[in-house]
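First the structure, in the form of structure tokens, and then the observations on it.
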Amino acid sequence: MQVYAYAVAGWLALAGALGIARSHNLVHAVVALSVVQSGTYVLLLSVGYQWEAAAPVFASGVPVTTPVVDPVVQAMTLTDIVVSATVTALLLALTIQIEKRFGTVDPDELRKLKG
Amino acid sequence: MSDALAVVALTLVGVAGTAVAWTFDPARQAVLSSVFGVLLAVLFTVLQAPDVALSQIGVGAALVPLMVVLTVRRIRRGPR
Amino acid sequence: MSGRARLVVFVLGAAGLAVAFVFALGGMPPFGGSEHPYRDLAVAAALRHVTPNVVSSVNFDQRALDTLGEETILLGSVIGAAALLRLVGHEKERPERAGGRLPDAIGLGCYLLLPVTLLIGLDVVAHGHLTPGGGFQGGVVLATGLHLLYLAGRYRSLERLRPLAWYEFGEGASATAFVGVGLAGLAAGGSFLANVLPLGSFRELLSAGTVPVLNIVVGCAVATGAVVLLAQFLEQAIRITGGAGPGSSG
């Protein structure tokens, strides 16, 4: 268990990168890239986790002395998720534009077109 | 939070992420990535990060898959 | 690069990354350990500023400058996608066509869910400094909630509820408002984005100074930004006909 969470984070990054390397469709590659980025969410939140600690929100009924997990990495992960969504949107827009220009979204065919 | 719960959530996320990355048909991939988004949100809840889980549900399970589906639809009937 | 060459490059890179990662693991804190120096500092700072949701405090008070950077990324990507997906040359908008086709019951369900979702979105934004949630989460809920109308097959009513120019204006205005709050902090508190409003009392709706203000600003930015983004993709998927670009013979 000590390293399992970190291993899952690293695995997500590798699996996503392998998906990109073997991709035959730019849309697929963009989604695989978002899997790579989700590895960073898992890594960040795992670094901040503490057994038996509560969420870093002192709602009514939760005394402020309760041990909580690290809120700093959670704030980073929040930023990470929003940035990932905007990057995905931009890349998908680029993919649509590429399809309009070249009539294909297969990286190999695109290379052939370039000659 | 119990040890077993974290292991189960992590394993599900690892398996679903692999499935998303290695599904080469983007239309099916969009559906899978929505499922992956929900599983990530479950993991975040287990890791005591409700703020992040809420954000992930909205972005990962709805917004991004919707954009992917629309892109696939545009490309499928693209001008030939 | 052929597919085989790509795989070779991937394997080399992945092997390098894996080795570096295993070494890095040696220096990582153990999973679930109790030593979190940043946590201790952030929680203390959040309590000083009367903010029960420490994550919101980090995002909108302690590190609000980072969030401004993130807002700028969002704005940039909305502008970029809008520029990339604008209608060019001989692309015509198709005049008539409904969205998806769903059984009436599901369509009606989406209709009924719409106000509920919008209400939840507003609630999540407004209580972001007290309970889990905030501008990001609430903004996404608001934007996706609006698109239930598309699922309901009412693309035209979605368009009526979505005068796009207003949302584009809203996106720019909320980015400006964020900077405005920052400048107010500079004028009244001596530093950019300083928390200068009265802090109120713990767990009250009107408390935590500028945190709820920035939550609302970011909620507007995310909701309008996501609506504008989705509008571009919807337009491409549903409304555009014909119009091959130059050199699309391949």
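Quick look at the values:
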| quantity | calculated |
| --- | --- |
| Some residue of the range A:79-100 being touching a Phe, Trp or Tyr at 6+ places or on another chain (Cβ under 9 Å), more than 7 Å from every other protein chain (Cβ to nearest Cβ) and either in a loop (DSSP other than H, G, I, E, B) or among the basic types (Lys, Arg) (or both) | no |
| Extreme residue, surrounded by the fewest Cβ atoms within 10 Å (Cβ to Cβ), among residues of the range A:24-51 that are at the interface with chain B (Cβ under 7 Å from one of its Cβ atoms) and assigned to a loop (DSSP other than H, G, I, E, B) | A:24 |
| The range A:11-23, residues that are without any contact (Cβ under 8 Å) to a residue 24 or more places away in the chain and not in a helix (DSSP H, G or I) | A:22 |
| Lone unmet requirement of (1) facing chain C (nearest Cβ under 8 Å); (2) modelled with pLDDT under 90 for residue A:61 | (1) |
| Test for residue C:196: is it within 30 Å of residue B:64 (Cα to Cα) and modelled with pLDDT of 75 or more | no |
| Residue match in the range C:78-89 (condition: at the interface with chain A (Cβ under 7 Å from one of its Cβ atoms), more than 15 Å from the chain's Cα centre (by Cα) and surrounded by 23 or more Cβ atoms within 10 Å (Cβ to Cβ)) | yes |
| Residue in the range A:51-63 that is charged (D, E, K, R), without any contact (Cβ under 8 Å) to a residue 40 or more places away in the chain and touching a helix residue (DSSP H, G or I) at 6+ places or on another chain (Cβ under 6 Å) present | no |
| Close pairs (9 angstrom Cβ cut-off, 6 or more residues apart or separate chains): under 11 Å from residue A:50 (Cα atoms) and surrounded by 14 or more Cβ atoms within 10 Å (Cβ to Cβ) in the range C:26-45, aromatic (Phe, Trp, Tyr) and modelled with pLDDT of 85 or more anywhere | C:31/A:4; C:31/A:6; C:31/A:49; C:31/A:51; C:32/A:49; C:32/A:51 |
| Hits in the range B:39-55 - residues which are part of a helix (DSSP H, G or I) and within 14 Å of chain C (Cβ to nearest Cβ) | B:41, B:43, B:44, B:45, B:46, B:50, B:51, B:52, B:53, B:54, B:55 |
| Qualifying residues in the range A:101-115 (those that are facing chain C (nearest Cβ under 7 Å) and outside any helix (DSSP H, G or I)) - the one nearest to the chain's Cα centre (by Cα) | A:104 |
| Per-region count, the range A:76-99, residues within 19 Å of residue C:133 (Cβ to Cβ) and charged (D, E, K, R) | 1 |
| Residues (under 18 Å from residue A:16 (Cβ atoms) and among the small types (Gly, Ala, Ser)) located in the range C:6-41 | C:13, C:14, C:15, C:16, C:18, C:20 |
| Test: residue in the range C:217-229 that is out of contact with any helix residue (DSSP H, G or I) (no Cβ under 6 Å at 6 or more places or on another chain) and either at pLDDT 80 or above or surrounded by fewer than 18 Cβ atoms within 10 Å (Cβ to Cβ) (or both) | no |
| Some residue of the range C:57-69 being assigned to a loop (DSSP other than H, G, I, E, B) and without any contact (Cβ under 8 Å) to a residue 60 or more places away in the chain | yes |
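Results for (1) surrounded by fewer than 16 Cβ atoms within 10 Å (Cβ to Cβ); (2) in a helix (DSSP H, G or I); (3) out of contact with any helix residue (DSSP H, G or I) (no Cβ under 8 Å at 6 or more places or on another chain); (4) not hydrophobic (A, V, I, L, M, F, W, C), shown as yes or no for each residue.
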| position | (1), (2), (3), (4) |
| --- | --- |
| C:105 | yes, yes, yes, no |
| C:133 | no, no, no, yes |
| C:138 | no, yes, no, yes |
| C:141 | no, yes, no, no |
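The values are calculated or read from the model by the stated rules, or taken from the named source; none is laboratory data. Since the model is a prediction, treat every value here as computed from it, not as a measurement. All Cβ positions, glycine included, derive from the backbone under ideal geometry; neighbour counts span all protein chains shown.
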